[in-house]
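Colleague: To start, I am sharing the structure in question, which I have written as structure tokens.
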Amino acid sequence: MELILLRHGKAEDSNPLGDSARVLLEKGYQQSRQAGRLLQGADLLPNIVLTSPYARAQQTAEEFCKAAGIPGPVVQGWLSSGMDPETALEELVAFKDFGRVAIVGHEPDFSQLIQWSLSALGGSIEIKKGSLACLRIQPPFRQATLSYLIPPVCSARC
């Protein structure tokens, strides 16, 4: 499977309702749309998009899907902030027939998943807000190949 990781876009620093209620800022919406257009233009769109239930991740996933012209995201609780790499791979087994799967979530979860899958520990990978990464991986097996890591693709207006 090709596993595309999209970190949520730029969001508000805090929300009175708690971390899970933090919403995207305009820059985050722009980052999300740019990521969708980038993958669409490169003919690398996912067959399904899975997202964390946190507001900022859901908003990122929805904007990404709209910009890419693909069906909306499917909310998955296991993608909540604090996701464990082993749990992620166990959960992804259910989606292996999709071929190319995108997940929208959080840090440090994504960098930990990539580092763990590549056996590259020690803070060697950073996934900035709005970044895209792609692993070739066969869940539940850990070994992966990093296909690409693209920093936020927002234009100078962001």
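The values are calculated or read from the model by the stated rules, or taken from the named source; none is laboratory data. Note that the structure is predicted; figures quoted are calculated from it, not measured. Note: ideal-geometry Cβ built from the backbone for every residue, glycine included; neighbour counts use all protein chains shown.
Colleague: Scan the stretch 94-108 residue by residue and report those that are under 15 Å from Leu5 (Cα atoms) and either among the aliphatic types (A, V, I, L, M) or touching a helix residue (DSSP H, G or I) at 6+ places or on another chain (Cβ under 8 Å) (or both).
Modeller: Val101, Ala102, Ile103, Val104, Gly105, His106 - these are the residues of the stretch 94-108 that are under 15 Å from Leu5 (Cα atoms) and either among the aliphatic types (A, V, I, L, M) or touching a helix residue (DSSP H, G or I) at 6+ places or on another chain (Cβ under 8 Å) (or both).
Colleague: Tell me yes or no: at least one residue of the stretch 125-143 is part of a loop (DSSP other than H, G, I, E, B), at positive phi, small (Gly, Ala, Ser) and touching a helix residue (DSSP H, G or I) at 6+ places or on another chain (Cβ under 8 Å). Step through it out loud before you land on a result.
Modeller: Quick first cut of the stretch 125-143, residues part of a loop (DSSP other than H, G, I, E, B) only: 125-131, 138-143.
Now restrict to residues that are at positive phi: 130.
Filter again for small (Gly, Ala, Ser), leaving 130.
Okay, now just the ones that are also touching a helix residue (DSSP H, G or I) at 6+ places or on another chain (Cβ under 8 Å), so 130.
Yes - at least one qualifying residue is present in the stretch 125-143.
Each row is one residue, and each column tells you yes or no for (1) within 21 Å of Glu2 (Cβ to Cβ); (2) touching a Cys at 6+ places or on another chain (Cβ under 6 Å); (3) of a type outside the set (D, E, K, R).
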position: Lys27; (1), (2), (3): no, yes, no
position: Arg33; (1), (2), (3): no, no, no
position: Pro46; (1), (2), (3): yes, no, yes
position: Ala61; (1), (2), (3): yes, no, yes
position: Leu92; (1), (2), (3): yes, no, yes
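Colleague: Okay, next question. Just give me the residues in the stretch 58-77 being in a helix (DSSP H, G or I) and surrounded by 17 or more Cβ atoms within 10 Å (Cβ to Cβ), in sequence order.
Modeller: The answer is Gln58, Gln59, Thr60, Ala61, Glu62, Glu63, Phe64, Cys65, Ala67, Ala68.
Colleague: If you don't mind, there's one more thing I want to ask. For Ala68, all conditions in the list (1) within 24 Å of Ala11 (Cα to Cα); (2) in contact with a strand residue (DSSP E or B) (Cβ under 8 Å, 6 or more places away or on another chain); (3) among the hydrophobic types (A, V, I, L, M, F, W, C) hold save one; what is the number of the exception?
Modeller: (2)
Colleague: Right, something else. Against the condition among the polar types (S, T, N, Q) and farther than 23 Å from Gly77 by Cβ, how does Ser111 come out, does it pass?
Modeller: Values: among the polar types (S, T, N, Q): yes; farther than 23 Å from Gly77 by Cβ: no.
In short, no.
Colleague: Across the stretch 1-56, which residue is farthest from Gly77 (Cα to Cα) among those that are in a helix (DSSP H, G or I) and free of Cβ contacts under 8 Å to residues at least 12 places away in the same chain?
Modeller: Per the criteria, the residue is Gly41.
Colleague: Give the residues of the stretch 81-115 that are more than 20 Å from Ile48 (Cα to Cα), among the small types (Gly, Ala, Ser) and either in a helix (DSSP H, G or I) or free of Cβ contacts under 8 Å to residues at least 24 places away in the same chain (or both), sorted by residue number.
Modeller: Ser111
Colleague: Looking for something surrounded by fewer than 23 Cβ atoms within 10 Å (Cβ to Cβ), of a type outside the set (S, T, N, Q) and over 23 Å from Trp116 (Cβ atoms) - is there at least one such residue anywhere in the stretch 83-92?
Modeller: No, the stretch 83-92 has no match at all.
Colleague: Continuing with this model, one more query. Which one of these does Arg100 not meet: (1) modelled with pLDDT under 95; (2) over 10 Å from the mean Cα position of the chain (by Cα)?
Modeller: Condition (1) is where Arg100 drops out.
Colleague: Within the stretch 133-143, identify whether any single residue is in contact with a Lys or Arg (Cβ under 6 Å, 6 or more places away or on another chain) and of a type in the set (A, V, I, L, M), and answer yes or no.
Modeller: no
Colleague: On to the next question. What is the residue count in the stretch 129-148 for residues that are touching a Ser or Thr at 6+ places or on another chain (Cβ under 8 Å) and basic (Lys, Arg)?
Modeller: 2
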